[in-house]
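A short reminder: the numbers here are calculations on the coordinates, not readings from a lab. Note that the structure is predicted; figures quoted are calculated from it, not measured. Because the Cβ atoms are built from the backbone with ideal geometry, glycine has one as well, and the counts that use them run over all protein chains shown.
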Amino acid sequence: MTAQTEPVAAHVEAAPEESSDEPIWLRNCWQVAAFAAEVGRSILPRMFLGQPVILYRGVGGEPVAMEDRCPHRLVPLSIGTLDGPVIRCGYHGLEFGTDGKCVRIPGQDGIPATARVRTFPVLERYSLIWIWMGEPQLANPTLVPDVHWLDDAAWVPSTGYHRMEADYRLITDNLLDLSHETYVHQKTIGNESVADSPAHVSVEHERIVRADREMHNIVPPPYFARIMASEDRIDRWQSAIYMPPGIHMTEAGVHKVGTDRSKAYVGRVLHLLTPQTKTSSHYFWAMNRNYRLEDAELTEFIRVAVQHTLDEDQNVLELQMRAVLKERPTHFPPLAIRADSAPMRARRLLRKLVKGEIENNTAVAAPTPLAHDPPGALSPKHRISQ
Amino acid sequence: MTAQTEPVAAHVEAAPEESSDEPIWLRNCWQVAAFAAEVGRSILPRMFLGQPVILYRGVGGEPVAMEDRCPHRLVPLSIGTLDGPVIRCGYHGLEFGTDGKCVRIPGQDGIPATARVRTFPVLERYSLIWIWMGEPQLANPTLVPDVHWLDDAAWVPSTGYHRMEADYRLITDNLLDLSHETYVHQKTIGNESVADSPAHVSVEHERIVRADREMHNIVPPPYFARIMASEDRIDRWQSAIYMPPGIHMTEAGVHKVGTDRSKAYVGRVLHLLTPQTKTSSHYFWAMNRNYRLEDAELTEFIRVAVQHTLDEDQNVLELQMRAVLKERPTHFPPLAIRADSAPMRARRLLRKLVKGEIENNTAVAAPTPLAHDPPGALSPKHRISQ
Amino acid sequence: MTAQTEPVAAHVEAAPEESSDEPIWLRNCWQVAAFAAEVGRSILPRMFLGQPVILYRGVGGEPVAMEDRCPHRLVPLSIGTLDGPVIRCGYHGLEFGTDGKCVRIPGQDGIPATARVRTFPVLERYSLIWIWMGEPQLANPTLVPDVHWLDDAAWVPSTGYHRMEADYRLITDNLLDLSHETYVHQKTIGNESVADSPAHVSVEHERIVRADREMHNIVPPPYFARIMASEDRIDRWQSAIYMPPGIHMTEAGVHKVGTDRSKAYVGRVLHLLTPQTKTSSHYFWAMNRNYRLEDAELTEFIRVAVQHTLDEDQNVLELQMRAVLKERPTHFPPLAIRADSAPMRARRLLRKLVKGEIENNTAVAAPTPLAHDPPGALSPKHRISQ
């Protein structure tokens, strides 16, 4: 693998900000719609890319995604009911199959061809339900991003969900500049060592942006002291890896000073962002660890810690969203600092992909691996050819 | 009486929807402002057709309707006080008679002619207060729609009020397509027999739209089983009768299979709609019955049942309103089915009347009787020459 | 001092109302930002003239006002922390001095010149913090309006604060037409004698509008009966004095009929208005009295009475604001009565000053004394040369 490493300017020139009408979404890609366990034989309404959708499972257990809208009078199908193979509208009883085709209109025999609900390609992988909001015929299952750590026997996840009133690009900025941990997350994962250690930023395959940071011989922030059950000084590394539009994996490793990196406690945290609207986002997360796999109490401790940490992010991101909407700056960030190097590369890459899709609506940006597992650390079912 | 019966097409072509700026209100007509018992010697503020109004009674008991706005500084008169023959503004004490004329300005002697509050013709009939929002000189008391069942000795009403966040035309659609009872009102008045029995739709005198449905030898829905104190199979009929802009009467009759129709339990339900704004409505209702007149417990049972039934309607109508506002479809309903035949005729008739009033602001659509009472069933004071 | 007294027409012609886009604020003047006691070593966010600001004190106790916005990513600085001489952003830790200059960016050495927060001239006087929202180089401390009664040993204040959802000009109208006391404040300071006694209106030095009203041999309204501990009839005077944009002083004097005016109980009530937005206002108030100076219970009684009285004003002003926003009248007030004479002169004067500042952004309207203290009534530190 070759990485195009770019020099990091102290004050990168900010790119002109998209106007509020400019498209900011990619459509020809699989995006996370739900945790698999959320979807069953009841109707789950959820909006993606401004589009109201319902999720449920067919009689065979297969996930279904369709527009939350009866074509007759626009009433949401989410007030309807599942009845065997059909969903029945809660207003006049029109019935639709899982392919969206109307199969019954009470009180009449003929069914017009226009009586159909839009459906979306959907599939289940890695304990997640993925949805394809773009051209349906391009929805190839091989294009699902590899986030196998969520259901790999070598890892144990702590999972959760936040809905944030923030443009998903602000969340990406936040995840690619982890220097904010020092100020936003002092109670859990941050201390001064983070902001003081500049990140090394690179772009890989025109598909991934990553920011790597090493912190040597530092005092462990509270969360890591608890994980390692020790206040001893540590070596710590952190890699923020982003694949547009919304797949983030943050690798965090810590080991005691003087010990070998192969002994590190490694977490691979997935932050899976799917736009709800232009100013709000679904944020599915999973902190996956490769140590103390059987320790259910630790799993819960981590879940609560990440929940609190993201609550702190949510507060600052929503305040930022409101300020951006009020001021509508022509460049973003308005004042670029060195820490913005990765966020700005990420925005440039996203913008390029969105532009590509607008110019050619069959363009698809295939995913690339986010990280490689050490030999032996991977269970057979998810082994990737490296 | 001759009725123009039109053939019912399975998939009626939907008419182009009014743009959101197109007028949808009739003004030269009496519309219900309140139940008579709501209006007294205190000030009742209520908005009609986007116009804030106050209702109260003068010293002689006569109902008064005036703009809820002091002409001086626009403060609502509803924060003022009634004092004998005048209403006094709660800000600077200007006083107005029931004709809207200012009779006192504290601190000065002369009163300019422009110091006057707009009033609206208003009258009391059938236990209701009616208001005329159009040209005042056309407000002829003979133009009040006949809804005498509300205070006729041969009938006993159960009454109530809903305010719905829905365009009154959506409520009309709902009342003219009672097939929704099967899906929305399964707990009270609906079962599969309703949606499965097509309605016969007709337009009478270019003034009334009606949809008649007969259901023979059916299982009684829960409400009727309770009313008749029997689970025996019934014959049922249902006539939804609409006179624009907002007068609906739904006649519902049931009798045991094998008995004569003259033995039927008949309810004549009034649904009296007055627009509050373009997207919200006042919904005054009265279920009037011609049986077990002395049974106060039944009156209350019916009141609660109708209340619950309309709560169900309100839920689906408000969801529909939000979807319509978001999508702003160019045709309505977006997919017309056979059950839309009456709603679509009703919209066409309403549109024609509104257009007539815009072209000629003295146009008045005189009311026509909604239904005729059987000989002897009508008390003398409301007898109509038929 | 010469006063240009203008004749009062019974029905003054209303001036064309400003369009909603027309500027309504003066900037080159000191406006009240806070009571001095509100500002300390924690961050107080508050909006003035649509501009989010934070207030705090530097390590030397000096008040500081700066934009509530980190220049990096627009996050409010009000979620940051004070640390000695700097304020640190709560997102990425940028640090700024009290002059707004960035002194540290974590993770980098150079600091670009554009890394700076806008500050506003601010000073402390008369127990108040004053802010200058206009051209900073014009912010001469001698231009602070003289409201010395707030911290003068000869007077005792009862103070409080209201935030009102009303254009500050509506509050000015209200304060200059005290005839509303009769209708809005019957429980405290109003009775019929107020509205029945016309005010004498004058404009002084093209800088002040005043309305003087005398009420002879009247029944004391409840508040004054309590103050004087007597129901005996009184002579009362009232002077509403306004200096644009937002300084009001209302002098209220009462003495028993037959006694000398020099024995009067005099209150000088400051109403200090600072626009928050075009439709909302900060309202700092202080009722200062020159009698029973040691009576702490009376101080509290007055505070509660004024609080209640202004709650009543707030209700009617916010209703008026909503009506104005909905109707957007082309003239204001829509119907001018005699009592509007002072409000209308005030609007004309304000409009002239705002226009002057727009035409010449270095124009400054110097303040003029609101009132003179009787010889001997003034403590040395605030003596004004008259």
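In table form, for the structure just shown:
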read-out: Pairwise label distance in nanometres, C:ASP295 with C:ARG207, each label 7 Å out on the Cα-Cβ vector; value: 3.5
read-out: Cleavage-rule hits (GluC sites (Glu not before Pro)) in the stretch B:190-258: DSSP loop, at most 14 neighbouring Cβ within 10 angstrom; value: B:GLU206, B:GLU231
read-out: For the stretch C:215-372: relative contact order, % (alpha-carbon pairs under 8 angstrom, 6 or more apart); value: 15
read-out: Pseudo-label separations to other copies for B:ASP260 - Cα-to-Cβ vector, 7 Å, nm; value: 10.4, 10.4
read-out: Rounded if a/c under 1.5, otherwise prolate or oblate - the stretch A:160-242, Cα gyration tensor axes; value: oblate
read-out: Average Cα contact separation per residue, the stretch C:148-291, under 8 Å, 6 or more apart, as relative contact order %; value: 28
read-out: Residue and distance (whole Å) for the chain C Cβ nearest the axis that superposes C on A; value: C:LEU325, 12
read-out: Spin-label model distance (nm) - A:GLN137 vs C:TYR161, 7 Å beyond Cα toward Cβ; value: 6.5
read-out: Phi to ³J(HN,Hα) by Karplus 6.51 cos²θ - 1.76 cosθ + 1.60 over the stretch A:86-94, Hz, x for Gly, Pro; value: 10, 10, 10, 5, x, 9, 10, x, 4
read-out: For chain A, Cys with no neighbouring Cys Cβ under 4.7 Å; value: A:CYS29, A:CYS102
read-out: Residue (of C:GLY253, C:SER179, C:VAL59) at the positive-pole extreme of chain C, dipole from beta-carbon charges; value: C:VAL59
read-out: Distant-in-sequence amide H partners of A:HIS200 (H built 1.01 Å from N, under 5 Å); value: A:ASP212, A:ARG213
read-out: Amide H within-cut-off set for A:HIS205, under 5 Å, with H built and near neighbours excluded; value: A:GLN4
read-out: Built amide H within the under 5 Å cut-off of A:LYS101, gap 5+; value: A:VAL117
read-out: In order through the stretch C:270-287: 3J(HN,Hα) via Karplus (6.51 cos²θ - 1.76 cosθ + 1.60), integer Hz, x for Gly, Pro; value: 8, 10, 10, 9, 10, x, 8, 9, 5, 10, 8, 9, 8, 10, 8, 9, 8, 8
read-out: Rounded if a/c under 1.5, otherwise prolate or oblate - the stretch B:209-323, Cα gyration tensor axes; value: prolate
read-out: Rounded if a/c under 1.5, otherwise prolate or oblate - the protein assembly as shown, Cα gyration tensor axes; value: oblate
read-out: HN-Hα J in Hz across the stretch B:334-340 - Karplus 6.51, -1.76, 1.60, θ = phi - 60°, x for Gly and Pro; value: x, 10, 7, 10, 4, 5, 8
read-out: For B:ASP311, inter-copy label distances in nm, listed shortest first [label point 7 Å out on the Cα-Cβ vector]; value: 3.4, 3.4
read-out: Shortest-first distances to equivalent copies, position A:ALA296, nm, label 7 Å out along Cβ; value: 6.1, 6.1
read-out: Sparse-neighbourhood loop sites, GluC sites (Glu not before Pro) in the stretch B:259-366 - DSSP loop, at most 12 other Cβ within 10 angstrom; value: B:GLU294
